Structures are given as structure tokens and as C-alpha cells.
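Visitor: Next up is a structure, given as C-alpha cells.
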Protein chains: 2
Amino acid sequence: MALSNELVYNPLTEITAIKLVKKLSLFDENEVLTCREIGDGNLNLVFQIVNDQTNKSLIVKQALPYAKVVGESWPLSLNRAKIESDALQIFAKYVPQYVPKVFYSDDTLAVTIMEDLSHLQISRAGLISGKQYPLLSQHVGEFLAHILFYTSDFAIEPEKKKQLVKQFVNPDLCNITEDLVFTDPFFDHDTNDFEEGLRKEVEALWNDQAVKLEAAKLKKKFLTNSDALIHGDLHTGSIFADDATTKVIDPEFAFYGPLGFDLGQFVANLLLNALSLSEEKQGFLYDHIEKTWHVFETTFTKLWKKDSIEAFSKTEGYLQHVLTQTWQDAIGFAGCEVIRRTIGLAHVADLDGISNEQARLTAKRRALLLGRQLLLHQETLSPKDLKELVQKTV
Amino acid sequence: MALSNELVYNPLTEITAIKLVKKLSLFDENEVLTCREIGDGNLNLVFQIVNDQTNKSLIVKQALPYAKVVGESWPLSLNRAKIESDALQIFAKYVPQYVPKVFYSDDTLAVTIMEDLSHLQISRAGLISGKQYPLLSQHVGEFLAHILFYTSDFAIEPEKKKQLVKQFVNPDLCNITEDLVFTDPFFDHDTNDFEEGLRKEVEALWNDQAVKLEAAKLKKKFLTNSDALIHGDLHTGSIFADDATTKVIDPEFAFYGPLGFDLGQFVANLLLNALSLSEEKQGFLYDHIEKTWHVFETTFTKLWKKDSIEAFSKTEGYLQHVLTQTWQDAIGFAGCEVIRRTIGLAHVADLDGISNEQARLTAKRRALLLGRQLLLHQETLSPKDLKELVQKTV
């Protein structure tokens, strides 16, 4: 869908973004439009373009050729814009209700133009402000069951699946996860960022061979298991929500990866929020975790029974094996995520936003302990166990 | 390296094969050459071209656009010729002593021109005729340790590895294995081919949920684990040997797959040969199996310690975990291979060549029993246990 006269990548400005949407007839030539850059500015430009009279609006998202989080020195392939728009369009085949509509994409410009969701709130911010999003877990469970099942070998002919694996090879973005989630936090690496008050616990982690062994095995799964097209970055900052609606955004980290990864990231970020709350306020988060798994499990099972093309799909125990492995991996991936969000490069506001230093350090110490427990007990922790696990880290 | 004026694929003849090698200056224009088509004719044309005066010779191998084994109705991508020559050239970087030299390849013609190894014997035929190949296991163990280690994430930067995964996506040939090794033999499928005297055992297999569950899990590993560039078809018919030399040929099934697959196929084919021999003659085959694993394990360990780029490579227990998983998977893959070579589409001469019907049926019944045991006991069978396992299938 490239515009034939846009042959060279240039970062858009508020003015050129408006020109683009008009050229594409997404707005009429004579409409009066307002354009604001609203991105958090790490990896992308995000323009919101609004006709203030009709309230019609849309989002123009453009990838930048570097990660701003560490300055311009970390170059990133613009191909991630294509990965993102391709992934959104594949997800929309199965669960259009849970992703923004894509109106246009251009690989050269690294641009995706999509539905404006700014009437919703980023769920991390909402959770921090006390929102509970009653349908969040129902929706995320359904979202994951559909995208994972329908992009896996259980539902796609092997040749077609292998072409998708190729299409979604995503070295730059995977590398960020390989380093920042699975490697650096477990070593004395200069990307790490932690409060000096945690040094004792962090150094203990670096010397904990049993925990590092589990991290190594999970990293290997991330590097080598091409089960399904995963979102790749499904934390609560990648989900827009209100009480009735859930929209998963930003799948620029999408690639063919292990079934449990997205689930693990999501669960971890709910746990990180729980650690920021007093015990009596955490209950709805454990309910969300249990429900995410329950909905995932029942939905995946329903799709498997309805649409599996795998000859062994009726073999006794096979579906249960796949589900069990997915949950156990999710627990392990959650362990890595909880740890890296506490001491690695990219933190979460749930913990960093605790203003009292002692309370903040306590929450972070508990996060480290929790992450280690998740890594060490992947095979035995059920969704129901997580509440007790968090609460005994006091 | 394509010849610019060969833009269309045509099957070579003995005459055009000679023209090709002369045009490439692999022989002089005025040399008198003899050319014979010597392929077994399943998937490829194989021309041996010889100057009878100088004894200089080489092999011109050309992929056919279909599998002759099931008639022309099974089309196969010519891209496998590129896969084969690319794989041979990658293997040659690490273990040139164990693969034929490649002189030329052309993707359009689907041709690879390589070293003539006809002074050696296909090791399956040699084993059947009573040869023992004293260095076979040493060489195969070294071959596998090198190619698997050096093409894995343990040795290659993740971006480069992902490009290789892409380059070696091999849907047509993988599909043959997915169907004929991992699926059809476990179901009443029309590709199966077994003697009527085995029907009772075969039907029991089709109803054995525990065995089918293990086959399903192994098939999933084959479909989704991109650990390293594997040969993909490493049975004893893919290995040329004499008492001093071993050369692995035909990696047209190569792709990024699980570490244990090649090892499992090789071990399975030694076990199939053992089943064709009286008990007192089998000893060297078990020695070969133990030695293959021992050499693989020590060589892989040495390379890991010397050249691993993985941050966790020094983490206690990680190398051992990788090795243990590789062996356990190999046992499982060996189980699938033993079964499919007995009742699936592609048999082995080791068993089919037993002329006495009762002896042949007994050997095949034992193979089925052995295959099931391998599948059910992947986690406990050590290399030393295989002798007893075979011998108690009587």
C-alpha cells in the first residue's frame, strides 16, 4: 500500500502527518485538523490527528530508526513498523474487538495509520490510579487463546506457518528482550538500573546459580521456540482499556515465539501492581490472574476441539500437555519480567511511583524475592498459588 | 554463482551434464569424459562424470521437481538444491573432513557439483554386508557436535542466527518428515506400508495413547524448535564411509531444528541394523552408539567452553541441561524413526532384506516394541541401556 512518491524515509512532523492523511483521503482536503505528537517517545513518533468539529480522529504512528531510551546510539530496524501493522492485521482476523483498526501502512515510511483509542486509558496508568477493569482478564484471555491457537501449527498448514515464521523474523526487537529481560538483570551489566538500597539482594541474585539456570532455560525457549505469533511485549502499558473495552496495542515486538511468553508478561505486570498495593487491595489482581488463565484455558480448548488440524489433537493428554507447558513457561517468563522491571533498564511506574523510599525499597525487595520464587517453582505453582506466594514475600 | 545464460530449469542428461562441467572449466574442453546417472532416483538426478585416463571425477547432483518415490504427484521445491549446497558449505566451515567438497552450485538449475565419493560405500550397505567402520561413531559424534554447536545461539550472534533460520526454512522437505516420520505411522494412513503379519502390533500402536502422546510432543519439537542447523535426514544411507573416512551427504532436509534429531536418526538406524543381526554380532553397534554420544558430549563441551558467546554458559548446570535434553530428545526421535522405518512409507534394507519371512517378521515386531520403549522411556534410558533394551525385546 505504499504511496508511490514516498520513496525515502523521513520522520514526519505535525504538518507532514496532516498532509499524509489528507493525501490518503482519510480526511477531506478542506477539513481543519489538529495534530499533536503524543508518543512516549522511546521508539516511535505517535501523532493524534483530530477534526475538532466532527470529533473524527486517528493515529499516525511512525517508527524511528533508533531507540531514544538509550539515545540515538541504539539503532533499530524500521521493519518493526511492518511487523506491527502485519501483526495487528493478523490479530484482527481472529479478535478484531481487541486490537485497533489499521487504515493504512507504508513500509518505506515505517508508518501505520490506525484507530484512535485515546478515549481509553493505558491500563498500567489506570491500575495505578485505582481502576480495576472488570473485563480485562476475560478479554486478554480470549485475545491470547485466539492469536496463539490460530497462528500455531495446531491451526495452520505447516508450509503457511513457516512462511509466517519467516515474515516475522524480528532480530532487533527480539534482541532487546533477549538482553534486557533474559540476560542483563542476571549479571553485573551496565544497562541495569537499581537503587543502591537493593545492592545486597541484586548481588545475591547474580550469584544464585539455581535462579540463573532457570533464566538460561527460559532465554533458550525465547530464542528457539517458534510456537505461535506472539505479541512480544504484552505488559499493562501495551493495553488500552476502560470498564467495557480492552485493546491490545504496539505489537512491534511480535515474532514466532513460545506460547507462554505473553501470558507471563501480563501476569508479571499484574503482580508488580499488586506489590504496590496494600494487601487488602490486591484481591482483584489475583482474581484477574486466575481468570486470565481460566479464560485462556477454556477458550484454547474450545478452539482446539473445533479447529485443530493436528492429527494428534485427539490423542489423550496432548492438549493438557500443551496447556500445562504454556502455564509453566508463563510462570517462568513472569519471574524474569518481575526481576527485570525492578533492577533492569526499563522500570514500571507501579513500583518506581511509590514515593516513600522505605516502602518502595520494600516493594522492590519483595519483587526480587517473588521473581526468584516464580523461576524456581514453575512446575508446581498454580494460578491460585500466586496470591499466597506474593503475600508470603513480606 | 549462476551461469548467466541458464535461466530456465531443465533436467540434465548425461550429455548436457558433461557440457555443463566443461563450460564451468571443471574439466578441459578436450578431455574425454564418461558420464553415468547413478542416483537411486527418488528425489534427484546424480551424474558421475569421470575422465577415465586421469581418474579425475566429480558428481553433478540435480534436484527433480517432484518425489519419484510416490510418482510425479508429490511436487517438491527445487529450493532444496540450494538448501543442500548451502548446508554443505556451512558444515564445511567447521568439519570439512566430514562432508564432500562443493565446487559449484546453481539455484536455477538446482544443481550442486561436488566431490565424487564413490570410492567409499554407503554405510547402510556396508553395515548390511558385515562392515564395522571402526571410526564411524567418532566421526559422526564430532560432525554433530561441531555443526550443532556452531550454528546455534550458543555460538552465533542472535541476528545472524535468525537470518540463517530464515535462509533454511524448508517447508517441502520438513513436511515429508512431519508426515512420514511423526504422523502417518501412528495412524491408519494410506502412506503406511507394512506386512500383513504385523497388523496386530500395528493396530495396537495406533491405539496406544501413551506412545502417541510422546510422538505428538516430539513432532511439536520438530515443528517449533529452531536450535541449530540440522542435517535432517542423518540415517546410515546418508553417510559414505570406509575404515578411515566418513562423509555425510545429502543435507537437502537441512533446516533449523532440535539438537537431538540427527543423533536420534543415526542411533535408530544403528539399532535397526542390530535387529537384523544375531545377538553375538551386535556388540560393535552398541559400542558405536555409546561412542557417538560420548564423542558428541565431550566435543560439544569442549566447544562450549572454548567458543560459547552465551552469557549463561558458565551458569552451573546449564551445559548439562542442554546435553541431557539433547540425549533424551534423541531417544524419542530414535523411537519414531525405528517405528516409521518398519511400518511407514520408507523402509530400510536392514530389515526388509531379511529373506526368511519368520525371521523378518520377528525382527520387525522387535523393532516396533523397541520403538515404543524408546518413546516411553526417553527420560531414563542412558546410552549404555540400549543393548539390554534391544535384547529384551526378543
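Visitor: Taking the condition of being within 14 Å of chain A (Cβ to nearest Cβ) and buried (at least 19 other Cβ atoms within 10 Å of the Cβ), how many residues in segment B:297-324 meet it?
Guide: 8
Visitor: Criterion first (free of Cβ contacts under 8 Å to residues at least 40 places away in the same chain, closer than 18 Å to residue A:310 by Cα, hydroxyl-bearing (Ser, Thr, Tyr) and within 12 Å of another protein chain (Cβ to nearest Cβ)) does residue B:177 satisfy it?
Guide: Taking the combined requirement at face value, the residue does not satisfy it.
Visitor: How many of the residues making up segment B:63-118 are among the acidic types (Asp, Glu), at pLDDT below 95 and over 18 Å from residue B:8 (Cβ atoms)?
Guide: The number of residues fulfilling the criteria is 1.
Visitor: Within segment B:1-15, work out how many residues are polar (S, T, N, Q) and at pLDDT 60 or above.
Guide: Result for segment B:1-15: 2.
Visitor: For segment A:382-394, enumerate the residues that are in contact (Cβ under 8 Å) with a residue 24 or more places away in the chain and either farther than 20 Å from residue A:284 by Cβ or among the charged types (D, E, K, R) (or both).
Guide: Matches in segment A:382-394: A:384, A:387.
Visitor: Which of the residues that make up segment B:180-209 are under 20 Å from residue B:220 (Cα atoms), outside any loop (DSSP other than H, G, I, E, B), touching an Asp or Glu at 6+ places or on another chain (Cβ under 8 Å) and more than 8 Å from chain A (Cβ to nearest Cβ)?
Guide: If the condition is that a residue be under 20 Å from residue B:220 (Cα atoms), outside any loop (DSSP other than H, G, I, E, B), touching an Asp or Glu at 6+ places or on another chain (Cβ under 8 Å) and more than 8 Å from chain A (Cβ to nearest Cβ), then B:206 is the only one that fits.
Visitor: When segment A:226-245 is examined, which residues are found to be surrounded by fewer than 24 Cβ atoms within 10 Å (Cβ to Cβ), over 20 Å from residue A:341 (Cα atoms) and either within 14 Å of chain B (Cβ to nearest Cβ) or among the hydroxyl-bearing types (Ser, Thr, Tyr) (or both)?
Guide: A:245
Visitor: Taking the condition more than 20 Å from residue B:339 (Cβ to Cβ), in contact with a strand residue (DSSP E or B) (Cβ under 9 Å, 6 or more places away or on another chain) and within 14 Å of another protein chain (Cβ to nearest Cβ), does residue B:153 pass?
Guide: Answer is yes for this residue.
Visitor: Is it fair to say residue A:138 is more than 8 Å from chain B (Cβ to nearest Cβ) and outside any loop (DSSP other than H, G, I, E, B)?
Guide: The answer is yes for residue A:138.
Condition check ((1) at pLDDT below 95; (2) aliphatic (A, V, I, L, M); (3) crowded, with 22+ Cβ neighbours inside 10 Å) across all residues:
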| position | (1), (2), (3) |
| --- | --- |
| B:141 | no, no, yes |
| B:147 | no, yes, yes |
| B:151 | no, no, yes |
| B:159 | no, no, no |
| B:179 | no, no, no |
| B:199 | no, no, no |
| B:206 | no, no, no |
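Visitor: Return only the number of the condition from (1) outside the structural domain of residue A:269 (by TED's automatic domain parsing); (2) over 17 Å from the mean Cα position of the chain (by Cα) that residue A:165 does not satisfy.
Guide: It fails just one condition, (1).
Visitor: Moving on to the next point. Mind checking which pairs have a first residue in segment A:40-55 that is closer than 24 Å to residue A:348 by Cβ and a second that is small (Gly, Ala, Ser) and at pLDDT below 95, Cβ under 6 Å, 6 or more apart or different chains?
Guide: Taking only residues 6 or more apart or on different chains, the pairs are A:43/A:67; A:44/A:63; A:45/A:39; A:46/A:39.
Visitor: With the requirement that a residue be facing another protein chain (nearest Cβ under 8 Å) and of a type outside the set (S, T, N, Q), what does segment A:211-225 give you?
Guide: Within segment A:211-225, A:212, A:213, A:215, A:216, A:217, A:219, A:220, A:223 qualify.
Visitor: Looking at residue B:378, is it assigned to a helix (DSSP H, G or I), modelled with pLDDT of 95 or more, of a type outside the set (A, V, I, L, M) and crowded, with 17+ Cβ neighbours inside 10 Å?
Guide: No.
The values are calculated or read from the model by the stated rules, or taken from the named source; none is laboratory data. Just so you know, these numbers come straight off a predicted model, no measurement behind them. So basically every Cβ, Gly included, is an ideal-geometry build from the backbone, and we count neighbours across all protein chains shown.
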